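**Student:** Could you have a look at this structure, given as structure tokens, before my questions?
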Amino acid sequence: MKNSQFRVKRNTKQMICISICFVLCSITLCGQNSNHSFKVQISPSGSVIWNVADNVNMWDFHHWYDAMEKEPEDHLRTNLPYIKYVQFMTIGGSEQRDMFKNPLDRSVVDDYDFSPLIRVCKNVLYQGAIPHVKLGNVPLKYSANPRISSDFHVNKCPPDDYNLWHGYIKAIAQTLVDTFGLERVRTWRFGVLTEYENRSWFSVDDDPEKTKIAYFKLYDYAVDALERVLGTEVCVGAHSMTVANGLWDEKEFVSHCARGKNYCTGKNGARLCYLAASFYDSRPGVPDKRTLAETINELRDAAVKEGLKDLYYGVDEGRILRGIDKKELGPRAVGQTWQAAYDARMYHTMLDENIDYFSHWAYTTNHLNVGIPSVSAHTSELFYRMTGAVRLPVEYRTDDTLKSNKTGGIAALNREQNKLYLLFYAYSDSVEQREIRDISCEISGLGRKSYRVKAVRTLVSDDTNFFDEWLNDWPQLGITEDDFSWSSDSFVISPKFIPAEKQTYYMSCAQLKPVTEILRINKGHLTIQTTIPKHGVLLYEISL
């Protein structure tokens with residue numbers, strides 16, 4: 001069962017009643033090369049839209065006291081209000097990450113020093129967010145012969161004594177409770193390892209069976225340690241790859257949690273509140289092995305088969321592995337406006353497939369700190385505005401024969417605010433942007449009277465993105481492709497590539513520019529005409 005402290009689970013069966021008459025909205029999008037038509041029906045019930053972008057990753061948790069504590073207290077709430085959870089990907093497995101006074105002294109196994117974790121958690125709470133702590137990797141001194149992963153630079157071996165691991169996790173939980181209070185820490189999320197079936201993260205001689213059993217033990221002992229301090233309602237789960245095959249089958253972990261023998265307690269099963277996966281596409285417009293829906297449904301189907309029907313499902317890391325230049329993307333997202341439509345399509349899929357959250361790596365040129373916002377930040381904000389509104393059925397037709405194009409639409413009604421949301425995006429596999437699409441939106445069924453309403457139109461496009469201006473300034477700034485170890489398509493950019501005299505200019509280029517319109521409803525009919533560029537994301541907020 002899930003921790004009752006967390007938000008109510010949404011699913012396709014969850015409904016909300018709206019005391020409103022039946023309304024039928026016809027929306028027609030006429031593009032330069034194709035026509036796209038939507039029919040939106042405002043019905044008396046529907047599923048509630050949730051905040052799909054409420055989680056962010058932090059690979060180096062020291063960042064949250066080296067940099068984040070310097071930010072204003074309201075930085076996240078003001079600039080990135082959709083962020084609710086900050087996820088620390090791993091807090092152990094190297095001399096830098098192991099929380100002991102002397103991480104390399106094997107003669108003392110309980111010289112704990114959790115001050116770095118306490119410090120970063122204080123900063124997360126200071127910013128109005130909630131910690132999501134990945135427990136592991138295993139401290140160096142707990143493995144007789146630790147092996148350091150060449151990919152992630154942490155110990156990928158299990159402990160020699162799982163009781164030491166149990167005591168270590170229990171001490172972490174008790175220190176958190178002593179510092180922040182039991183009730184507060186019970187609202188946090190915990191995980192055990194990152195990508196647990198990835199041999200580069202955790203492995204016993206690259207043997208699938210040995211590694212699987214070792215992880216079962218690691219998970220069982222960690223969960224029991226948490227429960228002894230936080231109680232049986234602690235929120236704990238696990239993060240697999242799933243988008244690609246690992247060293248062993250993660251579905252066996254689901255079975256273990258449902259009915260396997262617990263290596264710590266001797267009973268059957270282990271507490272499991274969420275299943276998370278990694279999801280990546282290879283490059284912009286180039287899908288990887290599994291789609292987002294296939295990745296999550298692989299886990300969900302296994303859980304439902306085992307009778308685990310009340311879990312959260314999320315993506316703990318992902319999006320795009322490499323840029324157009326085929327180098328790895330630092331934030332796993334490009335700076336080009338194409339990313340806006342990609343994210344909108346991804347969020348649309350999450351709403352359709354009932355996927356709870358997607359954890360991003362970064363949102364500004366300075367990761368999560370004050371910096372120039374990306375189009376990913378803008379798209380997340382537009383979706384966040386619809387949180388709590390009731391989703392409306394949408395029928396879609398197009399004469400566009402290109403499978404690489406996807407013009408999507410989402411409609412929602414917030415009855416408490418009496419506000420209608422219409423969100424559209426123009427995705428294409430091609431990063432090149434040339435097409436402008438005309439939109440004609442005809443809405444009927446808004447009563448019988450004629451009256452005026454206010455609408456706010458917000459468009460994410462090149463006009464709200466700094467990245468195209470920055471690319472054009474390369475000759476002036478003396479920048480070439482050879483200057484980058486990561487992909488130059490990454491929107492996280494070293495300060496040395498953005499001179500101080502350009503900072504204000506680029507910041508002005510990256511601001512959303514909402515436009516207020518007064519629309520006239522003529523005897524229950526409303527017509528909206530506008531345009532959206534390819535890769536754009538457009539949100540209408542109409543006050544009825």
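**Student:** Could you give the length gained by full extension between Gln529 and Arg119, i.e. 0.36 nm per residue of separation minus their alpha carbon distance, to one decimal place? Could you put the intermediate results ahead of the total?
**Tutor:** On the way: separation 410, 0.36 × 410 = 147.60 nm, distance 5.18 nm.
Separation in residues times 0.36 nm, less the Cα-Cα distance, equals 142.4 nm.
**Student:** Test of understanding: express the Cα radius of gyration of region 222-286 as a ratio to 2.2 N^0.38 Å, with N the residue count.
**Tutor:** Values: Rg = 14.9 Å, N = 65, 2.2 N^0.38 = 10.7 Å.
My calculation over the Cα atoms of region 222-286 gives 1.39.
**Student:** Another one. Of the beta bridges DSSP finds with both residues in the chain, what % are antiparallel, to the nearest 5?
**Tutor:** On the way: 73 of 105 bridges.
Within the chain, antiparallel bridges account for around 70 percent of the total.
**Student:** If you bin the C-alpha pair distances of region 308-442 every 5 Å from 0, what whole percents do you get?
**Tutor:** 2, 8, 16, 20, 20, 16, 11, 5, 1, 0
**Student:** Quick one: 3J(HN,Hα) in Hz for region 387-395, Karplus 6.51/-1.76/1.60 with θ = phi - 60°, rounded, Gly and Pro as x.
**Tutor:** Working through the residues one at a time gives 4, x, 7, 8, 6, 10, x, 10, 9 Hz.
**Student:** Nothing charged except the Cβ atoms of Lys and Arg (+1) and of Asp and Glu (-1): what's the magnitude of the dipole of the chain about its Cα centre? Round to the nearest 20 debye.
**Tutor:** Details: 64 positive and 68 negative charges, 455 e Å.
Roughly 2180 debye, rounded to the nearest 20.
**Student:** In square nanometres and to one decimal, what's the mean projected area of the convex hull around the Cα atoms of region 254-347?
**Tutor:** On the way: hull surface 29.9 nm².
Projected over every direction and averaged, the Cα hull of region 254-347 covers 7.5 nm².
**Student:** Hey, what's the Kirkwood Rh for region 189-302 if you take every pair of different alpha carbons, in angstrom? Walk me through the numbers before you get to the answer.
**Tutor:** Numbers: mean 1/r = 0.0680 Å⁻¹.
Computed over Cα pairs of region 189-302, the Kirkwood hydrodynamic radius comes out at 14.7 Å.
**Student:** Something else about it: How far, in nm, would the chain grow between Met507 and Ala171 when pulled straight, counting 0.36 nm per residue and subtracting the alpha carbon separation?
**Tutor:** Stretched fully, the Met507-Ala171 segment lengthens by 116.5 nm.
**Student:** Please check which bits of region 507-544 a label hung off Ser450 would reach, taking the label as a point 7 Å along Cα-to-C-beta and the cut-off as backbone N under 18 Å.
**Tutor:** Under cut-off, by backbone N: 518-528.
**Student:** Can I ask one more? Tell me which lysines have Cα within less than 28 Å of Lys449's Cα, excluding those fewer than 8 residues away on the same chain?
**Tutor:** Lys39, Lys419, Lys523
**Student:** Just to confirm the number: angle between the C-alpha axis of helix 375-385 and the first principal axis of the chain, 0 to 90 degrees, nearest 10?
**Tutor:** 80
**Student:** How many nm is it between the label spots at Thr516 and Asp110, if each spot is 7 Å from the Cα in line with the beta carbon?
**Tutor:** 6.4
**Student:** Please provide three numbers in whole Å: the alpha-carbon extents of the chain along the principal axes, with the largest listed first.
**Tutor:** 80, 58, 43
**Student:** Using +1 at the Cβ of each Lys and Arg and -1 at the Cβ of each Asp and Glu in region 414-503, identify which of Phe424, Ile498, Ser487 lies farthest towards the dipole's positive end.
**Tutor:** Phe424
**Student:** Which ³J(HN,Hα) values, rounded to whole Hz and listed in residue order, are derived for region 201-212 from phi using the Karplus coefficients 6.51, -1.76 and 1.60 in 6.51 cos²θ - 1.76 cosθ + 1.60 with θ = phi - 60°, glycine and proline given as x?
**Tutor:** Going residue by residue, I get 9, 8, 7, 10, 6, 6, 9, x, 5, 4, 5, 4 Hz, with x marking Gly and Pro.
**Student:** Also, quick follow-up: For helix 162-180, what angle does its Cα long axis make with the longest principal axis of the chain, in degrees from 0 to 90 and rounded to 10?
**Tutor:** It is inclined by approximately 50 degrees.
**Student:** Filter the cross-link list Lys134/Lys156; Lys289/Lys406; Lys217/Lys251; Lys134/Lys327; Lys70/Lys327; Lys289/Lys327 down to pairs whose alpha-carbon distance in this structure exceeds 23 Å. Walk me through the numbers before you get to the answer.
**Tutor:** Working: Lys134/Lys156 14 Å; Lys289/Lys406 20 Å; Lys217/Lys251 16 Å; Lys134/Lys327 28 Å; Lys70/Lys327 32 Å; Lys289/Lys327 19 Å.
Violating the 23 Å limit, Cα to Cα: Lys134/Lys327; Lys70/Lys327.
**Student:** Residue-wise, which Karplus ³J(HN,Hα) couplings in Hz belong to region 264-274, taking 6.51 cos²θ - 1.76 cosθ + 1.60, θ = phi - 60°, and x for glycine or proline?
**Tutor:** 9, 9, x, 8, 9, x, 9, 4, 9, 10, 8
**Student:** Rounding to the nearest 20 debye, state how big the charge dipole of region 399-540 is about its Cα centre with +1 on each Lys and Arg Cβ and -1 on each Asp and Glu Cβ.
**Tutor:** Details: 17 positive and 19 negative charges, 297 e Å.
Its charge dipole is roughly 1420 debye.
**Student:** Let me ask something else. Between Arg434 and Glu73, 0.36 nm times their residue separation minus their Cα-Cα distance comes to what?
**Tutor:** Working: separation 361, 0.36 × 361 = 129.96 nm, distance 4.12 nm.
Fully extending the segment from Arg434 to Glu73 adds 125.8 nm.
**Student:** Can you give the net charge of the other residues whose Cβ lies under 15 Å from the Cβ of Ile498, counting K and R as +1 and D and E as -1?
**Tutor:** Its environment carries a net charge of -3.
**Student:** Given R₀ = 22 Å, what would the calculated FRET efficiency be for Thr187 paired with Ser45, taking r from the Cβ atoms and rounding to 0.05? Kindly include the intermediate steps, with their values, before the conclusion.
**Tutor:** On the way: r = 30 Å, r/R0 = 1.37.
For R0 = 22 Å, the calculated efficiency reads 0.15.
**Student:** Looking at region 375-431, which GluC sites (Glu not before Pro) are DSSP coil and have at most 15 other C-beta atoms within 10 Å of their C-beta? Working shown, then result.
**Tutor:** Working: sites: Glu381, Glu395, Glu416; in loops: Glu416.
Within region 375-431, the qualifying GluC sites (Glu not before Pro) (loop, at most 15 other Cβ atoms within 10 Å) are Glu416.
**Student:** Over all alpha-carbon pairs of region 441-544, lay out the pair-distance distribution in 5 Å bins, whole %, shortest bin first.
**Tutor:** 2, 10, 17, 15, 11, 10, 8, 7, 7, 6, 4, 2, 0
**Student:** How high is the relative contact order of the chain, in percent, with contacts defined as C-alpha pairs under 8 Å that are six or more residues apart?
**Tutor:** Details: 1209 pairs, mean separation 96.1, N = 544.
Answer for the chain is 18 percent.
**Student:** May I ask for the angle, rounded to the nearest 10°, between helix 500-509 and the longest principal axis of the chain, with both axes built from Cα atoms and the value confined to 0 to 90°?
**Tutor:** 50
**Student:** Here is a further query. Round to the nearest 0.05 the FRET efficiency obtained for Asn102 and Glu233 when R0 = 45 Å and r is the Cβ-Cβ distance. Could you put the intermediate results ahead of the total?
**Tutor:** Values: r = 35 Å, r/R0 = 0.79.
Efficiency, from the Cβ-Cβ distance: 0.80.
**Student:** Return the calculated 222 nm mean residue ellipticity for the chain, to the nearest 500 deg cm²/dmol, obtained by summing -39500 (n - 2.57) across DSSP H runs with n ≥ 4 and dividing by the residue count.
**Tutor:** Calculated from helices alone, the mean residue ellipticity at 222 nm is -7500 deg cm²/dmol.
**Student:** Moving to a separate point now. Where the Cα atoms of region 335-395 are projected onto their three principal axes, how long is each span, largest first, in whole Å?
**Tutor:** Extents along the principal axes: 38, 22, 17 Å.
**Student:** Sticking with this structure for a sec: Region 368-472: Rg/Rh from Cα coordinates, Kirkwood Rh?
**Tutor:** Numbers: Rg = 16.8 Å, Rh = 16.8 Å.
Dividing the radius of gyration by the Kirkwood radius yields 1.00.
**Student:** At a Förster distance of 41 Å, what's the computed FRET efficiency of Lys210 paired with Lys496, Cβ-Cβ distance as r, to 0.05? Write down the numbers at each step before the final one.
**Tutor:** On the way: r = 46 Å, r/R0 = 1.13.
The calculated FRET efficiency here is 0.30.
None of the figures in this text is laboratory data; all of them are computed from the coordinates on show. Bear in mind that the values here come from a model prediction, so they are computed numbers and not experimental data. A quick note on method: Cβ atoms are made from the backbone with ideal geometry, for glycine too, and the neighbour counts reach across all protein chains shown.
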